[in-house]
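Quick notes on the structure that follows.
The values are calculated or read from the model by the stated rules, or taken from the named source; none is laboratory data. The shown structure was predicted, so the numbers you read here are calculated from the model rather than taken from an experiment. Note that we place each Cβ from the backbone using ideal geometry, even for glycine, and neighbour counts take in every protein chain shown.
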Amino acid sequence: MKSGPVPAPDRHGRRGPVLAASFALLSLGLLAQVAWVNLRQDRRQEWQAYQDLYFQREGIDRSPQVVSLTLPDGRVDRCQTCHLGIEEISPSHPVEVLGCIGCHGGNGLSLDKTEAHEGLVGGGNPGDLRVAQQSCGTGPNGAACHSGREHPELNMAGRLAQSPMASKAGEINQVRVAFGLQKDAERPAFPVDGSPADITAPLDGHPQEEAFQQNCLSQCHLWGGAHGDAGRTYSGGCSACHYLYNRSGTYEGKDVTISKDQAGHGAVHRLTASIPYTQCNACHNQGIHSLVSMTFERRTDLPTSSHAPTTDGAAWAARVREYYIPGESYARCEVSLDCIDCHSRHDTMGDPARDGKPAGNKYQAQSVRCYDCHGTTQAPPRSTVINAGDPALADPRWLQSGFPSLRVGDRVGLTGAGETLPFLRFEGERLVQYSKVTGKPFAVPLAYGSACEQDPDDQTADACHKCHDVSQTIHTQPPAP
Amino acid sequence: MRTLTRRRGFLSHGRPGWVPASAARFRYTYGLGGASVLLFLLLLVTGLPLLFQYQPGDGAYRSLANLTYVLPYGWLFRSLHFWAAQMLVVTVLFHLLRVALTRAFLPPRRFNWWLGVGLLVLVVGLDYTGYLLRGDLEAVSAATVGWSILRSVPVVGQALAALIFGSGGQGALLGLSAWHSSVFPLAGFGVMGWHLWHVRRDGGISRPAADDGTHIPLSQLAAREWVAGLAVANLVLLLALLLPPGLGLAPDQPSVAPVPAPWVFGAVQVLLHRLSPFVAGVAVPLAAVLLLGSAPYLEERRPWLGRTLVLAVATCFTALTLYFWWQV
């Protein structure tokens, strides 16, 4: 018969209390952790705190919940869970279709800040020139939006880098001429596939080169820079113009996640094609770049804060005061209209006809002339008829109240360079320029058939300004209606 | 003394009433086998609610985001499942090492050693398929690598890749989900049961050389096991609370940087950077498994060879994994 197991010397008595204590402690630990789990589950998440703040500011009595948007392509966009109340970017970019991720990229599913912002296109600015081809150019699922279109007119995202506002071609060429480094300013732009701030030896090693790079090439151009650069109140790339900011570059909208003190934001989260002169003046007419000191000398006669223009008398006074640098000459229409009323799409975003040969200075880039609206003493302004495939029909303003509509068969202006001017309308006997900012109509006086004493062979703005300069006589009172 | 042995119910068939005091010492086994069983059960328990919420296919990543951020306690189950899986790989590897170093793989336990090696392969398979089910950019990369490795196998590669990954693309997640949530766990559960039964059949677990022949009652061992189990549960819960896994990059996001493999496969990734897919992904791991399997035979020939070989395999794996971490 087998004997039973030999019991070990009874160490149980010694180990018993240790085991019992460990058991009790570990059980307590487990219980504590279970309590912790519940605390964590009920904890206010960051997005809930944002919603609480939003509801509190707006006086809404509601408890936070996840905002989940299912886009037509099946993707889910939860960005508004934190960015609740943010303004819809524009009616042409409906959030129900594009979501936020359509332009901004990032991870629309995550409710964790770091994770959600991973893969964000252009940081907070999808219009940044480094990414504009990807964000503005190509939409969701590879849709061709502002590049890759059949009609070259519509590929602005890819063309914008060729604008002198991006390449700084004019600035570089003029300074090189002034320093005797080249004969004339006709030379084409330096390479436009990157920021002019990165051009090595723009002045062939001239002693002033470093200051030129730092104080001129790194400032005020469409390649922009990081938010919060000294004195920077605007975004780069497409957003530099289409995303309106106030003078301090701070956000005034309803999204509680965006700081209202930090410069570098648009006034509200909204894109527009109606760009008032104040937006252009964020860079232009603010002072001069001194060739002697190689620094930017800011105008001292400007107020430090102002907002988008209104239609009252103060707005007119502000226009007269702010529009141009003192000492420049300009005609009446150049004050009552906005910059973009004359400076067309080709002027500002690059001329498709110049593709591959970017303008070397602003005179090459600017195609619109006085006679494109006013004609000459010899001929009325050129015109064309809108046909069915005309890209001008895609302008969102034709559907906005306050703006005229545009229909196939309408007769519109045509520049000498062949660009249609859809806001310049031939309406029977009348020639009307509609403001691209407000839609307000302006009757266009013609040189053709008038007593204008122009030299038909000298059609520069300077020649017109000889008689039509109003800079010394214009009143700061609004014109009679 | 026999009266002290109380046998209650069917489950008590699995354990002897008395266990050798020397083998029951914590410093002999480190409780690694038991911890592995507990973690495996925890994975089954936490995997079940995940299975109810997870959508294989196109919606995988989205359903994971819902689990992580929207569904109450979803993050907890995911995190527990994740950390239990990480720990299981560790405990299983150390258990294997312990068994080899105590020469417990010699007959009569040789067959059970093979079952153990088989369980290791299953655990690695579960780890890989679980990683792929996340459906994020990292998972897509890992699936691409795995698919390429399988296809590199001569003659049957194409068929193997099709078997595991189906037709490819997002649809692959459907098949992978089946592997991960039914085939592998069922096989794992079965083989684990077999493995545990074999322990009993082979006369209980091995004993250290310095065995004085004394025994302790099962109740005493059970008390220690309860404490060890609670410690493991505490650790898993703590890790799950402190470091819950987030979402990877969305699968439709443009890939910016090379994606590192999950750590279990870091060693293979290091090899893949230097050797052909077949050698690094199939030949070397297969050789490692075969070497492990043959260790008991070698140990019988030379009383140190088998152990040394297992130690060498483990050292190579650890060194490559550490190098992988250092690189990342």
### Message
On the basis of being surrounded by fewer than 19 Cβ atoms within 10 Å (Cβ to Cβ), within 19 Å of the chain's Cα centre (by Cα) and either over 30 Å from B:Gly59 (Cβ atoms) or among the small types (Gly, Ala, Ser) (or both), does B:Gly293 make the cut?
### Response
yes
### Query
Within the set of pairs 6 or more residues apart or between chains, which connect a residue that is closer than 13 Å to B:Thr68 by Cβ and more than 10 Å from chain A (Cβ to nearest Cβ) inside the range B:237-251 to a residue that is of a type outside the set (S, T, N, Q) and in a helix (DSSP H, G or I) with Cβ atoms less than 6 Å apart?
B:Pro245/B:Phe82
### Task
Working only within the range B:11-50, note down all residues that are of a type outside the set (Phe, Trp, Tyr) and on the phi > 0 side of the Ramachandran plot.
B:Gly31
### Query
Failed condition for B:Trp226, given (1) surrounded by fewer than 16 Cβ atoms within 10 Å (Cβ to Cβ); (2) in contact (Cβ under 8 Å) with a residue 12 or more places away in the chain; (3) within 11 Å of another protein chain (Cβ to nearest Cβ), with all others met?
(2)
### Message
Anything in the range A:112-130 that is crowded, with 21+ Cβ neighbours inside 10 Å and either part of a loop (DSSP other than H, G, I, E, B) or more than 13 Å from chain B (Cβ to nearest Cβ) (or both)? List them, or say none.
### Response
A:Val121, A:Gly122, A:Asn125, A:Pro126, A:Gly127, A:Asp128, A:Leu129
### Query
Residue check, A:Arg75 against (1) among the charged types (D, E, K, R); (2) surrounded by 12 or more Cβ atoms within 10 Å (Cβ to Cβ); (3) within 12 Å of chain B (Cβ to nearest Cβ); (4) farther than 30 Å from A:Gln400 by Cβ, all met but one. Which one?
(4)
### Query
Out of A:Gly102, A:Gly108, A:Gly158, which single residue is closer than 30 Å to B:Gly74 by Cβ, of a type outside the set (A, V, I, L, M, F, W, C) and part of a helix (DSSP H, G or I)?
A:Gly102
### The listed residue being of a type in the set (S, T, N, Q) and surrounded by 18 or more Cβ atoms within 10 Å (Cβ to Cβ), out of B:Gln269, B:Gln253
B:Gln269
### Summary
If you go through A:Ser63, A:Ser27, A:Ser90, A:Ser3, the only one that is within 14 Å of chain B (Cβ to nearest Cβ), over 26 Å from B:Gly59 (Cα atoms) and at pLDDT below 95 is A:Ser3
### Query
Does B:Gln269 qualify as being in a loop (DSSP other than H, G, I, E, B) and within 17 Å of B:Ala143 (Cβ to Cβ)?
no
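Yes/no matrix, rows are residues, columns are (1) modelled with pLDDT of 90 or more; (2) not acidic (Asp, Glu):
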position	(1), (2)
A:Asp52	yes, no
A:Thr114	yes, yes
A:Gly119	no, yes
A:Gly123	no, yes
A:Gln134	no, yes
### Summary
The number of residues in the range B:198-223 that are small (Gly, Ala, Ser), more than 7 Å from chain A (Cβ to nearest Cβ) and surrounded by fewer than 18 Cβ atoms within 10 Å (Cβ to Cβ) is 6
### Query
Can you tell which of A:Arg397, A:Arg407, A:Arg425 is at pLDDT 90 or above, within 32 Å of the chain's Cα centre (by Cα), assigned to a strand (DSSP E or B) and more than 17 Å from A:Arg332 (Cβ to Cβ)?
A:Arg425
### Message
Name the residue that is nearest to B:Leu32 (Cα to Cα), counting only residues in the range B:170-223 that are touching a strand residue (DSSP E or B) at 6+ places or on another chain (Cβ under 9 Å) and in a helix (DSSP H, G or I).
### Response
B:Leu221
### Task
Kindly indicate whether A:Thr272 is closer than 21 Å to A:Asp395 by Cα and at pLDDT 90 or above.
yes
### Some residue of the range A:461-474 being touching a strand residue (DSSP E or B) at 6+ places or on another chain (Cβ under 7 Å), more than 22 Å from A:Arg321 (Cα to Cα), at pLDDT 90 or above and surrounded by 14 or more Cβ atoms within 10 Å (Cβ to Cβ)
no
### Qualifying position, being in contact with a strand residue (DSSP E or B) (Cβ under 6 Å, 6 or more places away or on another chain), surrounded by fewer than 16 Cβ atoms within 10 Å (Cβ to Cβ) and either over 28 Å from A:His146 (Cβ atoms) or basic (Lys, Arg) (or both), among A:Arg430, A:Arg407, A:Arg411
A:Arg411
### Query
For the range A:222-240, does any single residue satisfy the condition of being in contact with a Ser or Thr (Cβ under 6 Å, 6 or more places away or on another chain) and not polar (S, T, N, Q)?
yes
### Query
Would you say A:Asn107 is within 13 Å of chain B (Cβ to nearest Cβ) and exposed (fewer than 13 other Cβ atoms within 10 Å of the Cβ)?
no
### Summary
Counted residues in the range A:150-174 being crowded, with 17+ Cβ neighbours inside 10 Å and without any contact (Cβ under 8 Å) to a residue 40 or more places away in the chain come to 1
### Task
Go through (1) crowded, with 16+ Cβ neighbours inside 10 Å; (2) aliphatic (A, V, I, L, M); (3) within 18 Å of B:Leu88 (Cα to Cα) one by one and return the number of the condition B:Leu41 breaks.
(1)
### Query
Can you tell me which residue in the range A:402-429 is farthest from A:Thr272 (Cα to Cα), limited to those that are polar (S, T, N, Q) and in contact (Cβ under 8 Å) with a residue 24 or more places away in the chain?
A:Thr415
## Note on the structure
Within the range A:175-207, the residues that are outside any loop (DSSP other than H, G, I, E, B) and either exposed (fewer than 10 other Cβ atoms within 10 Å of the Cβ) or of a type in the set (D, E, K, R) (or both) are A:Arg176, A:Asp198
### Query
When the residues of the range A:90-99 are filtered to those that are part of a loop (DSSP other than H, G, I, E, B) and not small (Gly, Ala, Ser), which remaining residue is nearest to A:Gln400 (Cα to Cα)?
A:Pro91
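Yes/no matrix, rows are residues, columns are (1) crowded, with 16+ Cβ neighbours inside 10 Å; (2) at pLDDT 85 or above; (3) farther than 25 Å from B:Asn66 by Cβ:
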site	(1), (2), (3)
B:Arg134	yes, yes, no
B:Ala139	yes, yes, no
B:Ile149	yes, yes, yes
B:Ile164	yes, yes, yes
B:Ala172	yes, no, no
### Top-ranked residue in the range B:252-262 [being among the small types (Gly, Ala, Ser) and in contact (Cβ under 8 Å) with a residue 12 or more places away in the chain; ranked as farthest from the other protein chains (Cβ to nearest Cβ)]
B:Ala261
